[in-house]
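See below for the structure under consideration.
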Amino acid sequence: MLEAEVNKSNIPTLFIDLDRELQLERLASLEDFLSFLGTEGIDPEKKAVIFIDEFQHARKSAKIFKNIADHFPHLKIIASGSSSLDIKTLLPESLAGRKRVVHIYPLCFGEFLEFQELKALKAKMDRMKNVKRPDLETLAFLRKKYEEYVLYGGYP
(Lines give C-alpha, C1' and ligand atoms only; values in the text may rest on other atoms or scores of the structure.)
Protein backbone atom coordinates (compact mmCIF):
# COMPACT_ATOMS: atom_id res chain seq x y z
CA MET A 1 0.00 0.00 0.00
CA LEU A 2 2.78 2.42 0.89
CA GLU A 3 4.65 1.52 -2.29
CA ALA A 4 1.55 2.35 -4.34
CA GLU A 5 1.32 5.76 -2.63
CA VAL A 6 4.96 6.53 -3.44
CA ASN A 7 4.45 5.41 -7.05
CA LYS A 8 1.65 7.98 -7.42
CA SER A 9 4.36 10.64 -6.98
CA ASN A 10 6.35 9.16 -9.88
CA ILE A 11 9.22 8.36 -7.53
CA PRO A 12 10.99 5.13 -8.52
CA THR A 13 10.58 2.28 -6.05
CA LEU A 14 12.09 -1.14 -5.57
CA PHE A 15 10.91 -3.96 -3.30
CA ILE A 16 13.46 -6.42 -1.89
CA ASP A 17 12.35 -9.52 0.06
CA LEU A 18 15.25 -10.81 2.13
CA ASP A 19 13.45 -14.07 2.85
CA ARG A 20 14.67 -14.97 -0.65
CA GLU A 21 18.32 -16.05 -0.60
CA LEU A 22 19.24 -14.41 -3.90
CA GLN A 23 17.86 -11.08 -2.73
CA LEU A 24 19.81 -11.38 0.52
CA GLU A 25 23.10 -11.56 -1.40
CA ARG A 26 22.39 -8.08 -2.75
CA LEU A 27 22.97 -6.63 0.71
CA ALA A 28 26.33 -8.34 1.25
CA SER A 29 28.08 -4.98 0.92
CA LEU A 30 27.36 -1.37 0.00
CA GLU A 31 29.00 -1.91 -3.40
CA ASP A 32 26.84 -4.99 -4.10
CA PHE A 33 23.73 -3.06 -3.08
CA LEU A 34 24.54 -0.02 -5.25
CA SER A 35 25.35 -2.28 -8.19
CA PHE A 36 22.04 -4.07 -7.78
CA LEU A 37 20.20 -0.75 -7.67
CA GLY A 38 21.87 0.26 -10.93
CA THR A 39 20.81 -3.02 -12.52
CA GLU A 40 17.23 -2.29 -11.45
CA GLY A 41 17.36 1.22 -12.94
CA ILE A 42 17.64 3.06 -9.62
CA ASP A 43 20.11 5.95 -9.57
CA PRO A 44 21.21 6.46 -5.94
CA GLU A 45 21.93 10.12 -6.71
CA LYS A 46 18.25 10.70 -7.55
CA LYS A 47 15.07 10.37 -5.52
CA ALA A 48 13.99 6.77 -4.98
CA VAL A 49 12.44 4.64 -2.26
CA ILE A 50 13.70 1.14 -1.56
CA PHE A 51 11.44 -1.19 0.43
CA ILE A 52 13.31 -3.97 2.20
CA ASP A 53 11.26 -6.67 3.92
CA GLU A 54 12.67 -9.06 6.54
CA PHE A 55 15.82 -6.97 6.76
CA GLN A 56 16.84 -8.65 10.02
CA HIS A 57 18.36 -11.37 7.79
CA ALA A 58 20.98 -8.92 6.47
CA ARG A 59 23.59 -8.78 9.21
CA LYS A 60 25.52 -5.91 7.59
CA SER A 61 22.45 -3.80 6.85
CA ALA A 62 23.07 -1.17 9.55
CA LYS A 63 26.43 -0.24 8.02
CA ILE A 64 24.90 -0.10 4.54
CA PHE A 65 21.96 2.01 5.77
CA LYS A 66 24.35 4.39 7.55
CA ASN A 67 26.43 4.89 4.40
CA ILE A 68 23.33 5.46 2.28
CA ALA A 69 21.94 8.00 4.77
CA ASP A 70 25.29 9.83 4.86
CA HIS A 71 26.18 9.75 1.15
CA PHE A 72 22.94 9.29 -0.80
CA PRO A 73 20.37 11.64 0.79
CA HIS A 74 17.83 11.27 -2.04
CA LEU A 75 17.67 7.51 -1.57
CA LYS A 76 15.22 6.50 1.15
CA ILE A 77 15.01 3.02 2.61
CA ILE A 78 11.93 1.66 4.32
CA ALA A 79 13.00 -1.53 6.08
CA SER A 80 10.60 -3.87 7.81
CA GLY A 81 10.97 -7.13 9.64
CA SER A 82 9.09 -9.51 11.84
CA SER A 83 11.69 -10.22 14.52
CA SER A 84 11.85 -7.24 16.86
CA LEU A 85 14.72 -8.68 18.93
CA ASP A 86 16.89 -9.19 15.83
CA ILE A 87 15.96 -5.75 14.53
CA LYS A 88 17.04 -4.03 17.76
CA THR A 89 20.46 -5.66 17.56
CA LEU A 90 20.81 -4.70 13.89
CA LEU A 91 20.05 -1.02 14.44
CA PRO A 92 22.76 0.20 16.79
CA GLU A 93 22.98 3.75 18.02
CA SER A 94 25.32 4.54 15.11
CA LEU A 95 22.15 5.11 13.13
CA ALA A 96 20.98 7.77 15.58
CA GLY A 97 19.43 10.65 13.68
CA ARG A 98 19.28 8.54 10.53
CA LYS A 99 16.39 6.26 11.40
CA ARG A 100 12.80 6.34 12.52
CA VAL A 101 11.40 3.29 14.22
CA VAL A 102 7.69 2.57 13.88
CA HIS A 103 6.21 -0.33 15.82
CA ILE A 104 3.29 -1.95 14.05
CA TYR A 105 1.13 -4.10 16.26
CA PRO A 106 -1.03 -7.00 15.08
CA LEU A 107 -4.64 -6.40 14.19
CA CYS A 108 -7.34 -7.10 16.75
CA PHE A 109 -10.03 -9.52 15.58
CA GLY A 110 -12.40 -6.72 14.55
CA GLU A 111 -9.66 -5.05 12.50
CA PHE A 112 -8.80 -8.42 10.99
CA LEU A 113 -12.40 -8.75 9.75
CA GLU A 114 -12.34 -5.22 8.35
CA PHE A 115 -8.99 -5.86 6.66
CA GLN A 116 -10.57 -8.85 4.92
CA GLU A 117 -13.41 -6.57 3.78
CA LEU A 118 -15.89 -8.24 6.11
CA LYS A 119 -17.21 -5.01 7.66
CA ALA A 120 -20.78 -6.28 7.62
CA LEU A 121 -19.73 -9.38 9.55
CA LYS A 122 -17.88 -7.22 12.09
CA ALA A 123 -20.97 -5.06 12.54
CA LYS A 124 -23.07 -8.19 13.01
CA MET A 125 -20.56 -9.49 15.57
CA ASP A 126 -20.76 -6.19 17.46
CA ARG A 127 -24.56 -6.33 17.51
CA MET A 128 -24.55 -9.97 18.65
CA LYS A 129 -22.95 -8.91 21.96
CA ASN A 130 -26.36 -7.53 22.99
CA VAL A 131 -28.45 -10.48 21.78
CA LYS A 132 -29.48 -13.38 24.03
CA ARG A 133 -29.74 -15.96 21.22
CA PRO A 134 -27.21 -15.19 18.48
CA ASP A 135 -27.53 -16.64 15.00
CA LEU A 136 -25.73 -20.01 14.96
CA GLU A 137 -24.73 -19.77 11.31
CA THR A 138 -23.07 -16.41 11.92
CA LEU A 139 -21.36 -17.77 15.04
CA ALA A 140 -19.99 -20.72 13.06
CA PHE A 141 -18.61 -18.37 10.39
CA LEU A 142 -17.12 -16.08 13.05
CA ARG A 143 -15.47 -19.09 14.69
CA LYS A 144 -13.93 -20.10 11.35
CA LYS A 145 -12.60 -16.57 10.85
CA TYR A 146 -11.34 -16.45 14.45
CA GLU A 147 -9.41 -19.69 13.94
CA GLU A 148 -7.83 -18.13 10.84
CA TYR A 149 -7.01 -15.01 12.88
CA VAL A 150 -5.35 -17.05 15.64
CA LEU A 151 -3.43 -19.14 13.10
CA TYR A 152 -1.92 -16.12 11.33
CA GLY A 153 -1.44 -14.04 14.47
CA GLY A 154 -3.43 -11.00 13.44
CA TYR A 155 -0.98 -9.87 10.79
CA PRO A 156 -2.42 -8.63 7.50
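The values are calculated or read from the model by the stated rules, or taken from the named source; none is laboratory data. Computed from a predicted structure; not experimentally measured. Cβ: placed from backbone, ideal geometry, glycine included. Neighbour counts: every protein chain shown. Quick note on the areas: whole protein, heavy atoms, side chains included, nothing else; ligands and nucleic acids left out. Shrake-Rupley method; radii C 1.70, N 1.55, O 1.52, S 1.80 Å.
Out of the residues in region 26-61 meeting the condition of being touching a Ser or Thr at 6+ places or on another chain (Cβ under 7 Å) and among the acidic types (Asp, Glu), tell me which one is most open to solvent (accessible area, probe 1.4 Å).
Of everything passing the filter in region 26-61, Asp53 is most open to solvent (accessible area, probe 1.4 Å).
Please enumerate the residues belonging to region 68-84 that are modelled with pLDDT under 85, within 12 Å of the chain's Cα centre (by Cα) and not in a loop (DSSP other than H, G, I, E, B).
Ala79, Ser80
Go through region 4-25 residue by residue and tally those that are touching a Ser or Thr at 6+ places or on another chain (Cβ under 9 Å) and under 20 Å from Pro73 (Cα atoms).
Total meeting the criteria: 2.
Within region 107-123, can one find any residue that is closer than 30 Å to Glu148 by Cβ, open to solvent by 40 Å² or more (accessible area, probe 1.4 Å), hydrophobic (A, V, I, L, M, F, W, C) and modelled with pLDDT under 85?
No, that holds for no residue.
Mind checking which residues of region 66-77 are in contact with a strand residue (DSSP E or B) (Cβ under 6 Å, 6 or more places away or on another chain) and either open to solvent by less than 70 Å² (accessible area, probe 1.4 Å) or among the aromatic types (Phe, Trp, Tyr) (or both)?
Selection gives Ile68, Leu75, Ile77.
Are any of the residues in region 85-97 farther than 18 Å from Phe15 by Cα, open to solvent by 70 Å² or more (accessible area, probe 1.4 Å) and either at pLDDT 85 or above or touching a Pro at 6+ places or on another chain (Cβ under 9 Å) (or both)?
no
Restricting to region 115-148, give me the number of residues that are touching a Leu at 6+ places or on another chain (Cβ under 8 Å) and not basic (Lys, Arg).
Total satisfying the criteria: 7.
For Phe15, indicate whether it is closer than 26 Å to Ile104 by Cβ and either among the aromatic types (Phe, Trp, Tyr) or assigned to a loop (DSSP other than H, G, I, E, B) (or both).
Judged against the criteria, Phe15 is a match.
Which of the residues that make up region 10-25 are loosely packed, with under 14 Cβ neighbours inside 10 Å, of a type outside the set (A, V, I, L, M, F, W, C) and closer than 17 Å to Gly41 by Cα?
Asn10
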